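Enquirer: Pasting in a structure now, in C-alpha cells, and then I'll have a few things to ask.
The values are calculated or read from the model by the stated rules, or taken from the named source; none is laboratory data. None of the values given here were measured: they were computed from a predicted structure. We place every Cβ from the backbone using ideal geometry, glycine too, and count neighbours over all the protein chains shown. These accessible areas exclude ligands, DNA and RNA; they are computed on the full protein's heavy atoms, side chains included. Shrake-Rupley method; radii C 1.70, N 1.55, O 1.52, S 1.80 Å.
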Amino acid sequence: MSTSNASDFPTLLLSTIKQYPPPIPTLTTLITSHYTPLKTSPKPELALSALLQTLGPCLTHSPSATESNDEVIASASDLNETVEISDVPPTSPYLLSASIRTTALLSFHIALKTVLPPSTLLPSSFLSLLSNFLSSRVLDPSSSSEVLNITKTFIDLSIGNLGLIKFANKILRNTNLNDLQRSIRSTGFQLLTCLASKEFKEEKGIGEEIEELVRVTCDLLLGEKDPRCLLQSLTALGLMESNLKKVTSNYPSSIVFDCVGVYYPVTFEPPPGDVIGVTNVQLRSELMNVMKGCDESWGVVVERIEEGEGEEKVKGVEDLRGLVGEGLRGEVEEFRECVLNCYDVFFRETEGLEILEDLIVTVAKIIERTDDRKWRIGFIEQTVKYLKGTVLENPESLNARSGIRLLACLARGGGTCLSIVMDGVASELIEMCGGEDVKRGKACAGGLGLIFEGGKGELIISPNPVAPYAESAYTAFLNLTTDSHVEGVISMLSLLCSPPESVISLPQVLEYTNVLISMMEEDEGDDFKRACGFCLGSVLGLKMYSSITSELLPSLIVKSLTSTYILKALCKASKESRAVTGVVGVEVVKRVCEGLREGKEGGVDALLFLVEEGGDNVINLFNETNEENEENSHLNLLEIVKSLCKINPSPEKETLRNQICLSSIPNLIKVFKTVMKPSKLLDEVEYFESVIKEDDPLNRKRLNIALPLFTASLNTLEVGEGEPILNDKLIELVKPLCKISRSLSYSLEVRTSASEGLMRIVKGTSIEAEFLKEVVVEVVLGLGEKGRGGDWVEKLGNDVRLLARIGGSAACKGGEGGVVGDEVVKTLTSLTCEGENLKSRVIGGEGLGEFMRSEGGGPFWRQRAASIALPKILENIEAGMAGEGGGEGGEVKSDHEKCFGSIIAAGHFAQSLPVKVVSKNNSRSTSLNLIQCLMAGLVLAEKRKGMGEVWEDGAWEVVVNSAMVSFQRLTREVGEDIEGVENYYGTLFPTLLHFSLRHSFSTSANILALDCLKNIAENGTFAKIKKNIILVFHRLGLVLNHPRREVRMKAVEIRNIFILLDRKN
C-alpha cells in the first residue's frame, strides 16, 4: 500500500493502527513505502521526531486499566512466537487500547529500521527526545517488550559514543526488568550485548556512564535464575570487560566480581530431556570470561583448587588457566604452593596433568615476555630450588620423574626460564649420565631429554642456554646409544633438534647419524631400532642438516629394502621436509616395486609400511613414479596386489602384517583409480581371472584384497573396438563375479565389490544382450530357491540388489541392453506386487529403487522403466486400498499388506523420474495417483507400526520416509503444475500435519512433513489452499509443544509463512 500525497500519510497511518486485529503486512508496506525515500536524508531525525508527534495520541496509557489482560497482550514483534492479539476478541476497552499502543510502537520501530542507515550518529537533542519518549512508556506492560526492541535496534544502527551509553542507561533505569517475563528480560540482555559489542573512544564523562551501565547490568543480573538470561547477561558483561574497560581507568571490576562471584563455581546441570540447550560448559565459559578481569578471582579459584577433590580440583585448574590469559595476579607464593601440591597429585592420577602443565608453561612464557622479576624469582627460581634436591637425590624415583617433568614445563618458557633450569640441574644430571650406575644414567638422560625438548622452539635470548652443556651432553648420550639404550637416542634427538641452529657441530651430527644407521643394521632390539629410525628421520628432515641429508640419501635408499626401520626413517624425513619428499618418496616407491618384482626380502614389509604411513601422499608418490616410467606403472601396481595377496592367506601366522595389509586397501583403491590406465588392464585381468575363477580357501581370502582393487581399476572402463582380447577376458569374468555376488559365504565387502565390478563391465564392454539375458535368468531362477530358511531374507535381498544393478546398468547403456532392463523391471515389479509375503514385497520395492538409482545413460531409460512398472504398481495400491480402512481392532487387512512394496516403489519413482515428466499434461493422472497412493502408504504405515514381527526391521519407517521425500520433491518442483492437485489437499493437509506432530516418528519424518507444507504455501495459489488455513494454524500450534527443538523451530517458520500468506490475501 502506498500514498499519492505525503500529507495523507498521518491519517492513513492512524486509521490503520486503530484497526483490530492490527493488519501488520499492510502497516509495514505503508510505512516502508513512505520512509524509504528518506533513507538518504541528511537529517533523518526530523522525520522520526514528526512521527513521534503523530503517534502521541495512540500511546496514552489509561491509569484505570487493570493488569488482568497482560497475558494476552503480545508484543507485535513476538506475534510469531506467542498468542496473537487477533486470536483474542476485544473484550474490554483496555485490551483494544493496549493493541493500539503496541501497534503504534511497532510502527515507529518499522520506520526507525527504514530511515536509519547503519553506523548513524544522531544529535544529542534527538537522543534526549527519544530516550524520554521510550522511558516514559517502558513501564506499560503492553509496551515494554516493543520499547526494548526499539532500543536494541537503535543501538544496533548507531555509532558507539557517550550519548549512546547515556541513552541506554536512562531507559534501563526506568525498566523493572527483573519483574517481567523471561522473553522480555531476554530482550533487555540482548540490548546490553549489542551495546557492549560497540567500539568506543575515550571521552570526557564516559567513565561515569560506563560505571553506571555496569551497575545497571549487575542489578539486572542479581537473582537471575533462568539459565538463558543468565548466559546472555554474562555474555554482555564479558563484552563490556573487553570493549569498555579500555576507554576508562575507573572500570568497576570489584562491582562486577561482587555480582558474578556468587555464581562461582557453576553447579547448573540441564535436567533430563532438556530442550533449552544451555549447558554447564557454556555458563562456566562465560562466567570465567567475566571473572578473568577481576583481581579477586585468583584467590577464589586457588581456594577452590586447594579445597577441591578429584574432578573439582581439575576444573579449578582449568579455571585458573583461563584467568592467566589476562596476566599474573595474586600472591606468587600462594600460587606456587598450589601448583606444586596439584602436580604431585595429578602426576600420580594423570587426570588433569595436561591442563596443569599448560598452566605452568603459560605462566613461564608470561614471565619471560614481561620480565616480571617478582614472579621470576618467586615462581621460577624458587620452584627450581625446591625441586633440585628431589631430582638429584634419586633421579630414577617417581618423585624425581615428576620434578623433571615440571622443570621441563618451566624450560618451555624459553630464554631466562630455560637458563635458570639448566643452571640449576644440567651439570649434575650430565655427570650422572656417564656414571657406573646404568639405571641412574638412563633416568638422568631421559630427564635431560625432557628439559631440552621443553626449551625447543621457545628461545628468545642469545646465546642458546643449552650451548654450554651441549658438548658434555653429546658425549654422554653417544655412549648410551652405543650401548643400545633407547634413552640415549631420544635424549640426543632433543639435543640435536634445539633451534634456531644446531648446538652440535655438523661433523658430530654426521658421526651420530652413521652410528644410528649401523645400530639399525646390527642390533636386534625392535624398540631400540624404532627409536633410531625415528631419530634419523627427524634429523634428516631438518633444514639445518640438509647437507648431511644430501650426503646420506643415496646409501640409505639402497638400504631401505633390507631395513624396514631405515625405510621408516626415510618416510619420516619425507613428511618433515618437502625438500626431501620428492627425492625420497619417488626413489623409495621405485625401490619397493623393483624389490617386489625381484622377490627381495623385506620388499613386502617396505610396501606395507609405505602404504600404511603414506596416506593420501602415497598417491602422489605413485603418480610421480609413473610419470617417469608410465609403461611399467600398471606392472608396479600388479606386483603390489600379488604381494598383498601372498600375505592375506595366512592371517594366523602374520596377524599384524595381515591387519596392515587390509587397512591399506582404501589408500590403494585411490591409487588404482588415479594411476591404472584402462589400456593397461589386460595384464591385471589375467591375474585376477586366476584368483576369481579358482574357488579354493586361499583364493577366497585373496579376494578380500584383490577384488576391491580390481573393481577400482575398472573405474573409468570403456573398452574400445581395438581391444577384443581385453573385452573377451572381462566378459568371461561376468559369471564368476555373479556367483561371488550371490554367495553369502563371502563377506559383504567382497560381494559388493563383485556386483560393482559387474556393473562396470556391463557398461564398459560390448557384452551381448543374449549373454546378459542368460545371467539375468540364472539370478531370477535363484529367487525362487530361497525357501523359508533362517537367512532367506538376506539371500533374497542380496539377489534382488544384484539383479537391479545388472538391469539398471544394462538399461542406462541403451540399445539391446534396454531389453534386458525391461525384463528385470518386470521381474522386480512382479515381486513387488505379488511376492508371497510382506518382506519379499518390501525387498522388491527397494530393488526397483536400486534399479532407478543406476548412474549414466541418456534421459529416457528411467521413463521407459516407469512406463512398464508404474501402472501395475499404482493399480496394485488402488486394489489393496479398496474397501474399508481396516479390520476389527484397527488391524490392517491382508489386502492392505500387499500394498507396502508398491508404495515404497512408487516413492522411488516419484523421486527418480525427471520433473518435467511428472508435470506433463499427459501425466496428470499418474502424478495425482502417486500423491494419492503415497498418502495411503502413510496411513497404513502408522497402523502397522509396532504390530508384529514383520515390522521389527523398521520397514514402516522406509514407507514413511520414502513417501515424505517424494512429497517434498513433488510439492517443491512440480507444485500446482499438476491439474487437479487441490482436490487432494483436503486429505494431504491433515496427513502432513499429523505426521509433523507425531513424537513416535523420526525427527527427519516430522521435518519432511513440515517442509512439504512449506512448499505448498510457497508454490501454490491462495485460492486453492485457503480452506485449510485454519486447520494449519490450529495443528501447528500443537506442534509447538513437540519435544524436539528443531521440529518446533520448523513449525514456527511454517506458521509464519501461512500467517503472511493469509494476511496478504
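Enquirer: Can you name the residue in segment 996-1044 that is buried (at least 20 other Cβ atoms within 10 Å of the Cβ) and over 16 Å from residue 1055 (Cα atoms) and is also modelled with the highest pLDDT among such residues?
Expert: This residue is 1005.
Enquirer: Quick one: which residue in 398, 392 is farther than 29 Å from residue 544 by Cα and in contact with an Asp or Glu (Cβ under 6 Å, 6 or more places away or on another chain)?
Expert: The conditions single out 392.
Enquirer: For segment 149-162, enumerate the residues that are within 15 Å of residue 207 (Cβ to Cβ) and either assigned to a helix (DSSP H, G or I) or modelled with pLDDT of 90 or more (or both).
Expert: Across segment 149-162, the qualifying residue is only 162.
Enquirer: Would a scan of segment 38-51 turn up a residue that is assigned to a helix (DSSP H, G or I), loosely packed, with under 15 Cβ neighbours inside 10 Å and at pLDDT below 80? Show your work before the answer.
Expert: Taking segment 38-51 and keeping what is assigned to a helix (DSSP H, G or I), we get 38-40, 44-51.
Keeping just the survivors that are loosely packed, with under 15 Cβ neighbours inside 10 Å gives 39-40, 46, 50.
Cutting the leftovers down to at pLDDT below 80 gives us 39-40.
Taking every residue of segment 38-51 in turn, at least one turns out to be assigned to a helix (DSSP H, G or I), loosely packed, with under 15 Cβ neighbours inside 10 Å and at pLDDT below 80.
Enquirer: Does segment 516-533 contain any residue that is among the aliphatic types (A, V, I, L, M), open to solvent by 10 Å² or more (accessible area, probe 1.4 Å) and more than 46 Å from the chain's Cα centre (by Cα)?
Expert: Yes: segment 516-533 contains one or more residues that are among the aliphatic types (A, V, I, L, M), open to solvent by 10 Å² or more (accessible area, probe 1.4 Å) and more than 46 Å from the chain's Cα centre (by Cα).
Enquirer: Please find, among 468, 500, the residue that is at pLDDT below 85 and under 30 Å from residue 367 (Cα atoms). It would help to see each step written out before you state the result.
Expert: Numbers: 468 fails: at pLDDT below 85.
Exactly one residue qualifies, and that residue is 500.
Enquirer: What are the residues in segment 401-434 that are open to solvent by 10 Å² or more (accessible area, probe 1.4 Å), under 20 Å from residue 373 (Cα atoms) and outside any helix (DSSP H, G or I), if any?
Expert: 412
Enquirer: Let me ask you something else. Limited to segment 471-484, what total is found for residues that are closer than 22 Å to residue 404 by Cβ and either at pLDDT below 80 or open to solvent by less than 50 Å² (accessible area, probe 1.4 Å) (or both)?
Expert: The first filter runs over segment 471-484 and keeps only residues closer than 22 Å to residue 404 by Cβ, leaving 471-481, 483.
Now narrow it down to the ones that are either at pLDDT below 80 or open to solvent by less than 50 Å² (accessible area, probe 1.4 Å) (or both): 473-474, 476-478, 480-481.
Result for segment 471-484: 7.
Enquirer: Any residue in segment 756-785 that is farther than 18 Å from residue 819 by Cβ sitting within a Cβ distance under 6 Å of a residue that is modelled with pLDDT under 85 and open to solvent by 60 Å² or more (accessible area, probe 1.4 Å)? List the pairs, counting only those 6 or more apart or interchain.
Expert: 764/718
Enquirer: Here are 238, 207: which of them is in a helix (DSSP H, G or I), surrounded by 16 or more Cβ atoms within 10 Å (Cβ to Cβ), free of Cβ contacts under 8 Å to residues at least 60 places away in the same chain and under 30 Å from the mean Cα position of the chain (by Cα)?
Expert: 238
Enquirer: Can you tell me how many residues within segment 322-343 are closer than 20 Å to residue 382 by Cβ and either touching a His at 6+ places or on another chain (Cβ under 6 Å) or at pLDDT 80 or above (or both)?
Expert: Adding up the residues that qualify gives 15.
Enquirer: Also, I was wondering about something else. From (1) farther than 22 Å from residue 55 by Cα; (2) modelled with pLDDT of 85 or more; (3) of a type in the set (A, V, I, L, M); (4) buried (at least 19 other Cβ atoms within 10 Å of the Cβ), pick out the condition that doesn't hold for residue 134.
Expert: In the conditions (1) farther than 22 Å from residue 55 by Cα; (2) modelled with pLDDT of 85 or more; (3) of a type in the set (A, V, I, L, M); (4) buried (at least 19 other Cβ atoms within 10 Å of the Cβ), residue 134 misses (1) alone.
Enquirer: Taking only pairs six or more apart or across chains, which ones have beta-carbon atoms under 7 Å, a first residue in segment 716-733 that is charged (D, E, K, R), and a second residue that is open to solvent by 30 Å² or more (accessible area, probe 1.4 Å) and modelled with pLDDT under 60?
Expert: Taking only residues 6 or more apart or on different chains, the pairs are 718/678.
Enquirer: Tell me whether segment 79-86 contains one or more residues that are open to solvent by less than 30 Å² (accessible area, probe 1.4 Å), assigned to a loop (DSSP other than H, G, I, E, B) and at pLDDT below 50.
Expert: yes
Enquirer: Here's another thing I want to ask about it. For segment 435-449, enumerate the residues that are touching a His at 6+ places or on another chain (Cβ under 9 Å) and open to solvent by 10 Å² or more (accessible area, probe 1.4 Å).
Expert: Matches in segment 435-449: 438, 442.
Enquirer: Can I ask one more? Restricting the search to segment 178-204, which residues are among the charged types (D, E, K, R), open to solvent by less than 40 Å² (accessible area, probe 1.4 Å) and either more than 25 Å from residue 246 (Cβ to Cβ) or outside any loop (DSSP other than H, G, I, E, B) (or both)?
Expert: 185
Enquirer: Could you check segment 766-797 and list, in sequence order, the residues that are open to solvent by less than 40 Å² (accessible area, probe 1.4 Å), over 40 Å from the mean Cα position of the chain (by Cα) and at pLDDT 80 or above? Before you say what the answer is, go through the steps one by one.
Expert: Here is the first cut: in segment 766-797, the ones open to solvent by less than 40 Å² (accessible area, probe 1.4 Å) are 767, 769, 772, 775-776, 779, 782-783, 786, 789, 792, 796-797.
Imposing the further condition that a residue be over 40 Å from the mean Cα position of the chain (by Cα) reduces the set to 767, 769, 772, 775-776, 779, 782-783, 786, 789.
Once the filter is applied, which keeps residues that are open to solvent by less than 40 Å² (accessible area, probe 1.4 Å), over 40 Å from the mean Cα position of the chain (by Cα) and at pLDDT 80 or above, segment 766-797 yields 767, 769, 772, 775, 776, 779.
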